[in-house]
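Student: Could you have a look at this structure, given as structure tokens, before my questions?
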Amino acid sequence: MKIGKLKSLVKPGEGLNLECKRSTGELREGLQTVCAFLNASGGTLLFGVRPDGVLEGQEVSDRTLRELADAFDRFEPPVNLPPERVKLKSGREIIVLCVEGTSGSVPFTFEGRAYERVASTTRKMPQEKYGRLLMDRAHSKRRWENQPAEEIALKDIDREEVFRILDIARSLGRLVGPSGRSLADVLDRLRLRTNGQVLRAAVVLFGKNFMPDYPQCELRMARFRGKDKTEFLDQRQIRGPAFKLLEEAEIFCQRHFPFPAKIVAGQMRRVETPLIRPDAMREILVNALIHRDYGVAGGAISLAIFDDRVEIWSTGTFPMGITPEMLTRKHPSVQRNPIVADVFHRTGLIERWGRGTNRVAEMCVAAGIPAPRFEEIGGAALVTFKVRVGATGAEAVPLTGQVTGQVTGQVAEKILRFCQMPRKAAEIQNLLELRHRETFRDNYLKPVLERGWIELTIPDKPNSRLQRYRITEAGKKVLDSMQREQ
């Protein structure tokens, strides 16, 4: 910057986007102003200029520059603002910091506080405004999910999985209008491509290969003996697309959750109630998938089952502007990954009203268990259900045996619950822990299908490898009736 331009900057009457300090001895106050400029439309800070606009200059040593560099470590998010040095005829120098505003990283803080510019003065930003800016940042244009997935082409996207989800969205009326059978067109329709380039969100939702570039698309599951992590009873680690991870987590829960049961007077059958309502568990797992910080390459979702609790860990804290305490009362809906969340919304797995965690708490209380506890620990979000997973004897009757003859009410209910999301026959059989395919099909699946409680997703091609079974409207009514009886 030339001296002539410096003189024009400090004309009397100007100062909304300009701050002058006599020396770097006023460094702290000066950088508070830089913070205010960053949070607005930018500005210029000058060290070595008197309040009346005289270019006085100062001695600039290596120590001066080190102090300036160290001070910039106190900004959050990090700020890279190289100082410009303008030499005066006297040999002294003016230090110039030119700040560009309108950054996607707003709000900035200096020493843990946010600042704003009001007229020609700098002041602490009100907490309400700071919170609003945090929420705006969560919806910024540049996010991990909407960046191009380098080296990923259409051949790296699981076409079968894409069209499975597309069929679900269509059946729910959440994707209307033509989309064709072109994979590229469908990805464009779901906003998973831009300018012909596949986005990272598409890899999260429909990728086929995740190593070495996308290791964070991982689910870690474990069942521990007792109340700590000393001994494993079962563990699995899976990398895969988001909907597959959700299904694997549900299968793991079904395998390890007992079904507390009791004999009801007047009924010659056991009435089973799930340890944690499947829709409550699903809501928390979906939240972990859509709100996690995928920018952490070593991150994952973890499902840990102990004798006295169930923990769901997700890399990254809760979305900006959301605290753990807010999640069981009224709170705004803030989506860290809105593209991923939109595809989940189209499958009917989430709504957009910020009510999901509230509903989970209500479901738990209605079922006689504590509402889940929400926490942030070590840069991760943790949800804990306090339940007795380790119950034995009459308190827990897991489904392990096979029953011949007509399908029982308990098994029918399980099939209806499992088919709330379209599933392959083999998946349902696995969830029921039945070994013989013919027995499963003839004694369990076929009777429920013939009663019209479930249906084929591709009725004109019953043997298609893409075939799934899903609950019908009649089945939903039957399921509701069964659950009310409990």
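Student: So, in region 429-457, of the ones that are of a type outside the set (S, T, N, Q) and in contact (Cβ under 8 Å) with a residue 40 or more places away in the chain, which residue ends up surrounded by the fewest Cβ atoms within 10 Å (Cβ to Cβ)?
Tutor: E433
Student: Which is buried (at least 20 other Cβ atoms within 10 Å of the Cβ), of a type in the set (A, V, I, L, M, F, W, C) and touching a Gly at 6+ places or on another chain (Cβ under 8 Å), of L246, L192, L199, L219?
Tutor: The conditions single out L219.
Student: Kindly indicate whether any position in region 61-72 is of a type outside the set (G, A, S) and under 19 Å from V106 (Cα atoms).
Tutor: yes
Student: To continue, here is another question. Name the single residue that is nearest to G42 (Cα to Cα) among those in region 62-104 being of a type in the set (S, T, Y) and assigned to a loop (DSSP other than H, G, I, E, B).
Tutor: T102
Student: Anything in region 295-319 that is surrounded by fewer than 19 Cβ atoms within 10 Å (Cβ to Cβ) and either more than 21 Å from R200 (Cα to Cα) or more than 15 Å from the chain's Cα centre (by Cα) (or both)? List them, or say none.
Tutor: Residues satisfying the conditions are G298, A304, D307, D308, R309, E311.
Student: Next up: For G298, are the conditions met, namely being small (G, A, S) and over 23 Å from Q235 (Cα atoms)?
Tutor: no
Student: While we're on this one: Got at least one residue in region 251-270 being part of a helix (DSSP H, G or I), surrounded by fewer than 20 Cβ atoms within 10 Å (Cβ to Cβ) and modelled with pLDDT of 90 or more?
Tutor: no
Listed here are the residues, each with its yes/no results for (1) within 30 Å of K386 (Cα to Cα); (2) of a type outside the set (A, V, I, L, M, F, W, C).
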site: G177; (1), (2): no, yes
site: R191; (1), (2): no, yes
site: G196; (1), (2): no, yes
site: Q216; (1), (2): yes, yes
site: M221; (1), (2): yes, no
site: E231; (1), (2): yes, yes
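Student: List every residue pair whose Cβ atoms lie under 8 Å apart, where the two residues are 6 or more positions apart in sequence or sit on different chains, the first residue falls within region 158-186 and is under 22 Å from R200 (Cβ atoms), and the second residue, located anywhere, is among the hydroxyl-bearing types (S, T, Y).
Tutor: I165/T347; L166/S179; A169/T347; D185/S179; V186/S179
Student: When the residues of region 20-48 are filtered to those that are charged (D, E, K, R) and part of a helix (DSSP H, G or I), which remaining residue is surrounded by the most Cβ atoms within 10 Å (Cβ to Cβ)?
Tutor: By that ranking, first place goes to E26.
The values are calculated or read from the model by the stated rules, or taken from the named source; none is laboratory data. Predicted model only: the values in this text are computed from it and were never measured. No Cβ is skipped: glycine too gets one built from the backbone with ideal geometry, and neighbour counts run over all protein chains shown.
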